[in-house]
Amino acid sequence: AIEVAPAVQALTPYIAVTSQAAIEARPNGETTFKLDWNESTIAPSPRVHEAILAHLSSHRDLNWYPQLGSTDLVDALQKYTGVSGEHILATNGSDDALQLICNTYLSEGDKVVAPVPTYNHFLVFAESRGADITRVCADTAFTSNIEGIRDAMSQDTRILYLVSPNNPTGVVLDPKDVEALCQDYPETLIILDEAYFEFSQVTGMPLVREYPNLIVTRTFSKAFGLASLRVGYLAADPRIIEGLSRIYNPKSVNALGQVAAVAALSDLDYLNDFLAEVRASKELLREFFASKNADAQITPANFVVVRVDNLPETLRALEARGVYVRDRSGYPGLKDCLRMSVGTVEQTEKLIERLAEVF
Ligand code: PMP
């Protein structure tokens, strides 16, 4: 067989661990709890469905490529992000943004620094470019480790990958720390992955106006509930946008994804209601796990991380009750840990009845 590129040879295929049973049961959330991928547990704003149906009935234009550059979506994002359109690129999920950055800026042997545990798929994109990755481990997984990051950095570090709130630990970075890193490492491209920003409301977004070495990435897959449609975006200095534009595919966001994301941004009341539900649910889970003396991290994102005595048995017991969570025990600092996404109060009350049979 023809061999893959040298940098790709050490990589292994992504193993789809999502339970098909959980997906097939959707949207019947009463019997199945799909809590393994940090998605929203409810349908997006009704305006999203209306916009998609209106698009299909009034245009019937699925034969044409989508609006190039997602310009209507970029317009809507200006208001939402507070940065102007020349700073923004819409992408096919934020994975597409992360891969675009790696493809544009990384060559064989370039140095990349990433505090771990982190969102692993970024590491795959960087590794596929032949990057030399330094993974920074903290003493404890649930605190930020700016000092450790600085120890690993040098002036020839090409990319620093930060996630805030972090997946899978939920650690939120202080924008002041991000700013100091931007100042102190002007030759390093700093990626700030804010896939879970809406849940924490802490952001480094305004910094992209000031620092030409910062890229913020975000997604519609989490708080906005559009994971199936694959819409994300990045924001950065226009000089970075110019660099990325050399590879950027202007038709990367499909037409239905574009109208859906615009519609979702037009209904921030719906978003805020869901964020309030998740906050209240996290309090219920906090009380539940405290009552069981369980070692649980209730994160600022839409997931909790729980350390258990017998993980394989716990996972089996949860699955037997239709509760699908994610095994994160293989991640640095997360021995015996599972991660589980958080939904509405109504869902969480029913979930806790099943958790009570296991914990
Ligand atoms: N970044 C982080 C930190 C994530 O957790 C995820 C999804 N799990 C992504 C990026 C990618 O999400 P999407 O491509 O759906 O935007």
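The values are calculated or read from the model by the stated rules, or taken from the named source; none is laboratory data. Quick caveat, the model's predicted, so the values are computed rather than measured. Neighbour counts are summed over all protein chains in view; Cβ atoms, including those assigned to glycine, are modelled from backbone coordinates with ideal geometry.
Restricting to region 310-357, give me the number of residues that are touching a strand residue (DSSP E or B) at 6+ places or on another chain (Cβ under 8 Å), of a type in the set (A, V, I, L, M, F, W, C) and over 30 Å from L271 (Cβ atoms).
Summing the residues that are touching a strand residue (DSSP E or B) at 6+ places or on another chain (Cβ under 8 Å), of a type in the set (A, V, I, L, M, F, W, C) and over 30 Å from L271 (Cβ atoms) in region 310-357 gives 2.
With the requirement that a residue be under 13 Å from V216 (Cα atoms) and either away from the ligand (no atom under 16 Å from the Cβ) or not in a helix (DSSP H, G or I) (or both), what does region 73-90 give you?
Once the filter is applied, which keeps residues that are under 13 Å from V216 (Cα atoms) and either away from the ligand (no atom under 16 Å from the Cβ) or not in a helix (DSSP H, G or I) (or both), region 73-90 yields G82, V83, H87, I88, L89, A90.
Can you find a residue in region 309-316 that is more than 15 Å from K34 (Cβ to Cβ), assigned by TED's automatic domain parsing to the domain that holds L275, of a type in the set (A, V, I, L, M) and in contact (Cβ under 8 Å) with a residue 40 or more places away in the chain?
Taking region 309-316 first, the residues more than 15 Å from K34 (Cβ to Cβ) are 309-314, 316.
Okay, now just the ones that are also assigned by TED's automatic domain parsing to the domain that holds L275, so 309-314, 316.
Narrowing further to those that are of a type in the set (A, V, I, L, M): 311.
Pick out the ones that are also in contact (Cβ under 8 Å) with a residue 40 or more places away in the chain and you get none.
No, the conditions are met nowhere in region 309-316.
What pairs come out if I take residues in region 165-181 that are closer than 14 Å to L207 by Cα and pair them with residues that are acidic (D, E) whose C-beta lies under 9 Å away, six or more apart or interchain?
Hits for this filter: E179/E210.
Looking at region 206-239, which of its residues are within 13 Å of the ligand (Cβ to nearest atom) and over 27 Å from D36 (Cα atoms)?
Listed by number, the list holds a single entry, I215.
Taking the criterion of being more than 12 Å from A261 (Cα to Cα), assigned by TED's automatic domain parsing to the domain that holds G257 and of a type in the set (V, I, T), would at least one residue in region 222-235 satisfy it?
There is no residue in region 222-235 that is more than 12 Å from A261 (Cα to Cα), assigned by TED's automatic domain parsing to the domain that holds G257 and of a type in the set (V, I, T).
Which one of the conditions (1) within 16 Å of the ligand (Cβ to nearest atom); (2) of a type in the set (V, I, T); (3) under 23 Å from A54 (Cβ atoms) does T203 fail to meet, given that it meets all the rest?
Condition not satisfied by T203: (3).
For region 173-225, give me the residue count where each residue is part of a helix (DSSP H, G or I) and either β-branched (V, I, T) or more than 20 Å from the chain's Cα centre (by Cα) (or both).
Residues of region 173-225 that are part of a helix (DSSP H, G or I), as a first pass: 175-184, 197-200, 205-209.
Still in the list and also either β-branched (V, I, T) or more than 20 Å from the chain's Cα centre (by Cα) (or both): 176-184, 208-209.
Counting residues in region 173-225 that are part of a helix (DSSP H, G or I) and either β-branched (V, I, T) or more than 20 Å from the chain's Cα centre (by Cα) (or both) gives 11.
For a quick check of your reading: which strands (runs of 3 or more DSSP E) sit entirely within region 91-172 and have at least 3 residues that are crowded, with 20+ Cβ neighbours inside 10 Å?
Counting at least 3 such residues, we get 111-116, 157-163.
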